Amino acid sequence: MKVVYVSYDGALDPLGSSQVRPYLEGLAGRGVALSLVSFEKPARWRDAEARTSLAARLARHDIRWRPLAYHKRPRLPATGWDLLAGARAVRQEVERTGAGLVHCRGDVAMAMARWARLPPGVRILYDVRGLFADERVDAGSWAAGSPLDRVVRRVEAANLRRADGVVALTAAGLDALRRRRSELPPHRVIPTCADLSVFRPRAPGEPPDYGLVYSGSLGTWYMGREMVAFARAAAAFVPGRPLFLTPDVEEARRAGAAPDWAEVRSVAPAEVPAWLRRGRALFFFIRAVPSKRASCPTKLGEALASGLPVVCNRGIGDLDTILEGGTVGLLVDSFSEEDYARAARRLGALLRDPALPGRCRRLAEAAYSLESGVEAYHQLYLELRPAPAGG
C-alpha cells in the first residue's frame, strides 16, 4: 500500500520527532510505502547535522521525504503560500508514487490535499489534531464570528465533508465531529501515544527522588499558578520536592515555584523519560474550555508508561472517564484550597498502593502505546485502501 503523509509541522521539530516519525517508521515496518511531505522551520533546517541524520534515518525505513520551507510572516499570505506549495507537492508525490491514500495531519494539511486536484480514486484521511477554530476563540486569538473565524470554520467544514476517513484524539472530539457531519466515514479514536521502550517505570527497589512532577511548556492553556498552589497543598501528603520540567523556567518561577521548595529544570526532550521516572506522580491543570474536550495531552501516555499516576482537573479530553475511578490517578474537582487538600490526601493514599505502577503501565500498554497507535492507523489504512481496478 502506498501513502503520502502530509504534516504542516516539521519532521525536525520536537513534535515531529515524537508524534510523526515514530508512527511512520512503525507503518513502514508493516509494509506501507510512505512519502512524507513536511514543512521545516528555517532555524531547524540550518542544522545540517540534524537534517542529514533525519534524512538517513527515514531512508533506512524506505520513507521518501519531501521537505518544504515553512513561512511564518506575514501570517495569512505566508500560510496561503504554504498551502499552494503543499498542494503542488502532494499532487506530485501522488503522481510519482502512485499512492492511493493521502494522510493529512491537521487542517492545513487537509486543505492542501483538497486543493491538490488529486487523481480520481485517491482517498484522503483527515487526522484531526484539535478543533482549531474553537481553540483560537478559546485562546483569545480571534473573536467568535469574526471574518477570520468564519473563514477557518468554512475550511474545517470543507475538510470534514471531503474526508474519506477520520481520526480523532478523543471520543469527546469524535462526538464533536459527529455534530458537524452526522454520518462520519470510517473513523478511529487514536490518542497521542508514547514509546514504551523509552518511557518505562523505575527499576524495582529504586526510590523516587521527587514527589509531584510537571512536564511540558507553560502558558496559554496550562494553569501555572493553580498548579503551584496544588503542589504546595500536596506537600503534606506526597513525599519529595515537586519538580517542574519545562523550557519556561522563568514563567514557572513567576507562578511561584520558588527554589526553596520546588525544583525547576529545562531538559532536552531525550532526557525527559529518565526525569519522569524519578517522580511519584505527574500532574497538570489545563483551562477547561470547550475546545479542550478534543485534546489528549501527550504527557498522559508518557506518565502512565512510566508507572506514574496522573492528577488533573476535569473537562479535558476523555480524562474524566479515564481517571474517575481513581485507580491510575485522580481528578481535582475545583481550584479551591479545600479540593486541593482533598485530592492531595487521596493521592497520598493511592501512592501507598504497591500495585499502582503496574496498573498505570498496563493501561499505557493497552491504550497509549506507540505499537497500538500504529496498529490502529494501519487497520484504518487497510479499510480505506482503494478497491483494485475492475474489482
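The values are calculated or read from the model by the stated rules, or taken from the named source; none is laboratory data. Model, not experiment: these values are computed from the prediction. Using ideal geometry, Cβ is built from the backbone for each residue, glycine included, and neighbour counts are taken over all protein chains shown.
Observations on the structure shown:
- Condition check for Ala11: over 18 Å from Leu380 (Cα atoms) and assigned to a loop (DSSP other than H, G, I, E, B): yes
- Residue within the stretch 33-50 that is touching a residue at least 40 places away in the same chain (Cβ under 8 Å), out of contact with any Pro (no Cβ under 9 Å at 6 or more places or on another chain), part of a helix (DSSP H, G or I) and closer than 26 Å to Ser372 by Cα present: no
- Looking across the stretch 157-197 at every residue that is farther than 17 Å from Ala109 by Cβ and acidic (Asp, Glu), the one that is farthest from the chain's Cα centre (by Cα) is identified as Glu183.
- Positions within the stretch 324-367 being free of Cβ contacts under 8 Å to residues at least 40 places away in the same chain, among the acidic types (Asp, Glu) and part of a helix (DSSP H, G or I), in sequence order: Glu338, Asp339
- Any hit, the stretch 223-242, residues being of a type outside the set (Phe, Trp, Tyr), over 20 Å from Glu337 (Cα atoms), assigned to a loop (DSSP other than H, G, I, E, B) and out of contact with any Gly (no Cβ under 6 Å at 6 or more places or on another chain): no
- Considering (1) farther than 26 Å from Ala294 by Cβ; (2) crowded, with 18+ Cβ neighbours inside 10 Å; (3) in contact (Cβ under 8 Å) with a residue 60 or more places away in the chain, the lone condition that Asp82 does not fulfil carries the number (1).
- Selection count, the stretch 283-321, where residues are without any contact (Cβ under 8 Å) to a residue 60 or more places away in the chain, part of a loop (DSSP other than H, G, I, E, B) and surrounded by fewer than 21 Cβ atoms within 10 Å (Cβ to Cβ): 3
- Condition broken by Leu218, with the remaining ones in (1) at pLDDT below 95; (2) closer than 26 Å to Leu363 by Cα satisfied: (2)
- Flag for Trp275 being more than 20 Å from Phe199 (Cβ to Cβ), at pLDDT 95 or above, among the aromatic types (Phe, Trp, Tyr) and surrounded by fewer than 22 Cβ atoms within 10 Å (Cβ to Cβ): no
- Any hit, the stretch 215-238, residues being free of Cβ contacts under 8 Å to residues at least 40 places away in the same chain and farther than 24 Å from Asp333 by Cα: no
- Tabulated pairs, the stretch 244-262, first closer than 21 Å to Asp209 by Cβ, second charged (D, E, K, R) and in a loop (DSSP other than H, G, I, E, B), C-beta under 8 angstrom, 6+ apart or interchain: Trp261/Arg241; Ala262/Arg241
- Cβ separations smaller than 8 Å between residues 6+ apart or across chains give the following pairs from the stretch 185-207 residues that are free of Cβ contacts under 8 Å to residues at least 60 places away in the same chain to residues that are part of a loop (DSSP other than H, G, I, E, B) and acidic (Asp, Glu): Pro185/Asp164.
- Residues that are more than 23 Å from Ile322 (Cβ to Cβ) and in contact with a strand residue (DSSP E or B) (Cβ under 8 Å, 6 or more places away or on another chain) do not occur anywhere in the stretch 280-298.
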